[in-house]
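Peer 1: One structure, pasted below without further comment.
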Amino acid sequence: MNPLVLVTGGATRLGREICLHFASQAWDVAIHYKQSQKSALELKAEMSELFPSSQVSLFQAELSMEDEVTQLFDDVANAHGLSLTCIVNNASLFEPDTGQDFTSQLALEQLKVNLLAPMKLGQCLANFHKDSSKSSPSPIQITPSIVHVLDQKVFNLNPDYFSYTLSKLALERAVSLQAQSLAPTLRVNAVSPGLMYLSGDQTPENFAKASKINLLQKPIDPKDVAKSCYFLASTQSLSGCTVKVDCGQHLVPLERDVMFMVDELFSKTTSNPAQL
């Protein structure tokens, strides 16, 4: 029996890379999606062809609704049982606002998706394995775990994307708190990537420059983030850890989000990141 990972927001972008990498390591994969059904179906077909020994299943849910989060977990657990070994909380809501113009409604929506849903899924996974261990031991010899996907912004603050950043800051603190609270049943870790994909109204030209504003002066490979998620899920002695997979972007402090400072910073950064 293969271990199974549930990847939220798994149909596109980073989630897609995470699903592909786990399947390449002989894990079964449960792909969660909200609206990207077509992409999820295409990814399932691709994975089934590339990795025929891995079982791939699809689950739809709106993560801002607590009852749907709970139902998502129940559906995956009922379909896969104790093989459910890891949840990668990759899905997030990323909306622009500032401390001067944020609304309570938008801030709450981002907190629900980016913080409360990962907390609830961690609670569900820990209780599921704790209760199951009383009746039958797990056939998978890997301590169950949660992997949260953070953002380098939590280690490199600027005021853009104000309420999104607050939700990710809270999730970063939850790594240690959940690791303490859910032990010894569950391990809790995180990855903290930098800029990997176009965001919002960002142009390809802006992205091409912004993706190199980091210590290594090169784009961050999403496959490296996916590999790091797998490393955290499969390494038994890790709990309460965050791996920063961002080419050192968190060590290049900026007054605003990188996409808004490309013209000012690109030439300076490519010649000497230490000037920033």
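Peer 1: Can you tell me the 0 to 90 degree angle between the C-alpha axis of helix 162-182 and the longest principal axis of the chain, rounded to 10?
Peer 2: Helix 162-182 sits roughly 40 degrees off the main axis of the chain.
Peer 1: Something else about it: So, R0 is 41 Å and r is the distance between the beta-carbons of ALA45 and GLU68; what FRET efficiency does that work out to, to 0.05?
Peer 2: Computed FRET efficiency for ALA45 and GLU68 comes out at 0.95.
Peer 1: Still on this structure, please answer the following. Exposure proxy check: SER237, SER167 ranked by fewest other beta carbons within 10 Å?
Peer 2: Sorted ascending by nearby Cβ count, the order is SER237, SER167.
Peer 1: Another question, if that's okay. Could you put ILE31, ILE213 in order, starting from the residue whose Cβ has the fewest other Cβ atoms within 10 Å?
Peer 2: ILE213, ILE31
Peer 1: If you take the charge dipole of the chain about its Cα centre, with +1 on Lys and Arg Cβ and -1 on Asp and Glu Cβ, which of LEU195, MET261, LEU215 is farthest toward its positive end?
Peer 2: Among LEU195, MET261, LEU215, the one farthest towards the positive end of the dipole of the chain is LEU215.
Peer 1: When the Karplus curve 6.51 cos²θ - 1.76 cosθ + 1.60 is applied with θ = phi - 60°, which whole-Hz ³J(HN,Hα) does each residue of the range 95-112 get, with x for Gly and Pro?
Peer 2: Result, rounded to whole Hz: 10, x, 6, 10, x, 8, 10, 5, 10, 4, 5, 5, 4, 5, 4, 6, 5, 4.
Peer 1: Right, another one. Please arrange CYS241, CYS229 by how many other C-beta atoms lie within 10 Å of their C-beta, fewest to most.
Peer 2: In order of increasing Cβ crowding within 10 Å: CYS241, CYS229.
Peer 1: Under a 5 Å amide H to amide H cut-off, with H placed in plane at 1.01 Å, what residues pair with LEU84 once short-range neighbours are removed?
Peer 2: When sequence neighbours closer than 5 places are left aside, the close amide H contacts are LEU4.
Peer 1: Determine the dipole magnitude for the chain: charges of +1 sit on the beta-carbon of Lys and Arg, -1 on that of Asp and Glu, nothing else is charged, the reference point is the Cα centre, and the result goes in debye to the nearest 20.
Peer 2: Dipole of the chain, to the nearest 20 debye: 800 debye.
Peer 1: For q values of 0.09, 0.12, 0.13 Å⁻¹, compute log₁₀ I(q)/I(0) with the Debye formula on a Cα-only model of the range 1-155, without solvent.
Peer 2: Each listed q maps to, in turn, -0.29, -0.51, -0.60.
Peer 1: According to the Kirkwood expression over distinct Cα-Cα pairs, how big is the hydrodynamic radius of the range 39-106, in Å?
Peer 2: Over the range 39-106, the inverse of the mean reciprocal pair distance is 15.0 Å.
Peer 1: Project the alpha carbons of the range 90-165 onto their principal axes and report the range along each, largest first, in whole Å.
Peer 2: Computed over the Cα atoms, the extents are 53, 25, 14 Å.
Peer 1: Counting only trypsin sites (Lys or Arg not before Pro) that are in a DSSP loop and have at most 14 other C-beta atoms within 10 Å, tell me the longest site-free stretch of the chain.
Peer 2: Counting only loop sites that pass the neighbour cut-off, the longest clear stretch is 1-133.
Peer 1: Continuing with the same structure: Only one of the values (i) 86, 47, 32; (ii) 60, 41, 37; (iii) 47, 43, 37 was calculated from this structure for Cα extents along the principal axes in Å; name its label.
Peer 2: (ii)
Peer 1: A follow-up question, please. I need the Kirkwood Rh of the range 1-87: take the reciprocal of the average 1/r across all distinct C-alpha pairs and report it in angstrom.
Peer 2: 12.6
Taken together, the values in this text are just the output of simple stated rules run on the coordinates, not laboratory data. Predicted, not measured: the structure shown is a model, and the values here were computed from it. Please note: Cβ atoms are built from the backbone with ideal geometry, for glycine as well, and neighbour counts cover all protein chains shown.
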